[in-house]
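K.L.:
Take this structure first; my questions come after.
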Amino acid sequence: MADVKAFGERLVDSLEKVIVGKRQSLELVVIGLLCQGHVLIEDVPGVGKTMLARSLARSLDCVFNRIQFTPDMLPSDVTGVSIYNQQKNQFEFRPGPIIGQVVLADEINRATPKTQAALLEAMEERQVTVDGVTHPMPKPYIVLATQNPIEYEGTFPLPEAQLDRFMLRMRLGYPSASEEIRIMDDQKMQHPIEALTSVASSDEVLAMSEAVRGVYISNAVKKYIVELSTRTRQSQDVYLGASPRGSLFLARAGQARAALHGRDHVLPDDVKALAVAVLAHRIIVSAAARLRDVSSDRIVNEIVLSTPVPGGSFEVTAKDN
């Protein structure tokens, strides 16, 4: 897994030139990329959500498309439309911005539910269907969506089906005082993103993604993942628990994190580190818990702390071969 570790360090180092002091958050984005999963970046304005997505696109030799969601946007503005060509006497498909490799869905919760639904097929099945014709997405394919959790006026909350398609939800948070000063210094003459160059190709991303799938997960760790997901469904503070897709994504994210740390096997620590990012946005907090100001992050953290961690060896043994 040395190649994956080197790839991850190279990519995170590139992103850190723009996003200062958020290495753990940047690692989550790389994990999403390696798993070919989608990432929801949820935070207050001005902390670098959009810039993170643009930095990832610049760091990769991939096709980048940006969608600025607004309330008046139509589904065809996202997926594309068929236009009649009079010279050729036939309809031609004009692809929408959702067809790319790195797609930034900026302020996704400002679009109406009808337009948000246009993303469902693209994110899950990696294709769009327009006028009965299916158009596959290029590889690799990742959607980075941003939303502001504070401002609710003029927004449409993402439905559970949409949230469940995001592999990870992450937050950047405010920088420290010293980091904020460094940001001011770095942008004194020009923005650091202007000097950012590609550090990986599309083929390399696909090769690293394939290598990550070979990371070993012991039965004990699999049971631990399922136990965490099951407890979200049994919690009295939860109206709707994590889906089986949550367990699957937690396992895949654990594989990617293990590979980024140079291991060929997943540890319970990988699962614990990723549990909130993978599971918290998949659960709906009950009305009674919301009145007590209990958040989904807190519920998942409490479940992780109260769930026994499996012991023993988690590496590949002759018995497993």
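K.L.:
So how far, in whole Å, is the C-alpha centre of segment 134-186 from the one of segment 37-110?
P.N.:
14 Å
K.L.:
Amide H of Ser82: which non-local residues (sequence gap of 5 or more, or other chain) have their own amide H closer than 5 Å, using H built in the peptide plane?
P.N.:
Hits under the 5 Å cutoff: Arg94.
K.L.:
Now a separate question. Could you give each residue of segment 155-162 its phi-based ³J(HN,Hα) in whole Hz, using Karplus coefficients 6.51, -1.76, 1.60 with θ = phi - 60°, and x for Gly or Pro?
P.N.:
Taking θ as phi minus 60°, the curve returns 10, 10, x, 5, x, 4, 4, 6 Hz for segment 155-162.
K.L.:
Sticking with the crude label model, points 7 Å out along Cα→Cβ, report the distance from Ala287 to Glu210 in nm, one decimal please.
P.N.:
5.3 nm
K.L.:
For segment 49-96, report the % of Cα-Cα distances exceeding 17 Å.
P.N.:
Roughly 55 percent, rounded to a whole number.
K.L.:
Give me the lysines in straight-line cross-link reach of Lys223: C-alpha distance below 20 Å, same-chain residues under 8 apart excluded.
P.N.:
Excluding near neighbours in sequence, the set is Lys272, Lys319.
K.L.:
Please report the antiparallel percentage of DSSP beta bridges with both residues in the chain, rounded to the nearest 5. Could you put the intermediate results ahead of the total?
P.N.:
Details: 12 of 32 bridges.
The antiparallel proportion sits near 40 percent.
K.L.:
For segment 129-272, just run the numbers: alpha carbon Rg, then divide by 2.2 N^0.38 Å, N being how many residues it has.
P.N.:
So the Cα radius of gyration is 1.36 times the expected 2.2 N^0.38 Å.
K.L.:
Another question, if that's okay. Taking the Cα atoms of the chain, report the difference between the largest and smallest coordinate on each principal axis, in whole Å and largest first.
P.N.:
In descending order, the Cα extents are 69, 49, 45 Å.
K.L.:
Highest mean first, what order results for 2-14, 184-196 on Cβ atoms within 10 Å?
P.N.:
Highest mean packing first, the order is 2-14, 184-196.
K.L.:
Show me 273-286, 250-263 ranked by packing, highest mean number of other Cβ atoms within 10 Å first. Walk me through the intermediate numbers first.
P.N.:
Working: 273-286: 22.6, 250-263: 24.3.
In descending order of packing, they fall as 250-263, 273-286.
K.L.:
So, one more: Given the Cα atoms of segment 238-286, and with Rh set as the inverse mean 1/r over their pairs in the Kirkwood sense, what is Rg to Rh to two decimals?
P.N.:
When Rh is taken as the Kirkwood radius, the ratio is 1.06.
K.L.:
Can you list the residues, at least 5 places off or on another chain, whose amide H is less than 5 Å from the amide H of Gly48, using H built in the peptide plane?
P.N.:
For Gly48, whose amide H was placed from the backbone, there are no distant partners under 5 Å.
K.L.:
How do 56-67, 216-227, 24-35 rank on mean C-beta neighbours within 10 Å, highest first?
P.N.:
Taking the mean over residues of other Cβ atoms within 10 Å, the ranking is 24-35, 56-67, 216-227.
K.L.:
From zero up to wherever the largest Cα-Cα distance of segment 46-132 sits, split into 5 Å bins and tell me the percent of pairs in each.
P.N.:
Spelled out bin by bin, segment 46-132 gives 3, 13, 21, 22, 18, 12, 7, 3, 1, 0 percent.
K.L.:
Moving on to the next point. From the phi of every residue in segment 228-243, what ³J(HN,Hα) in whole Hz does the Karplus formula 6.51 cos²θ - 1.76 cosθ + 1.60 yield, where θ is phi - 60° and glycine or proline is x?
P.N.:
These are the phi-based 3J(HN,Hα) values: 5, 5, 4, 5, 5, 7, 9, 5, 5, 8, 10, 7, 9, x, 5, 7 Hz.
K.L.:
Through the Karplus equation 6.51 cos²θ - 1.76 cosθ + 1.60, θ set to phi - 60°, convert the phi angles of segment 43-52 into ³J(HN,Hα) values in whole Hz; use x for Gly and Pro.
P.N.:
6, 6, x, x, 9, x, 4, 5, 5, 5
K.L.:
Starting from the Kirkwood radius over alpha-carbon pairs of segment 214-321, derive D by Stokes-Einstein at 25 °C in a medium of 0.890 mPa s and give it in µm² s⁻¹.
P.N.:
The diffusion coefficient I find is 172 µm²/s.
A short reminder: the numbers here are calculations on the coordinates, not readings from a lab. The model shown is predicted, which means the values in this text are computed figures rather than measured ones. When we count neighbours, we look across all protein chains shown, and the Cβ atoms used for this are built from the backbone with ideal geometry, even at glycine.
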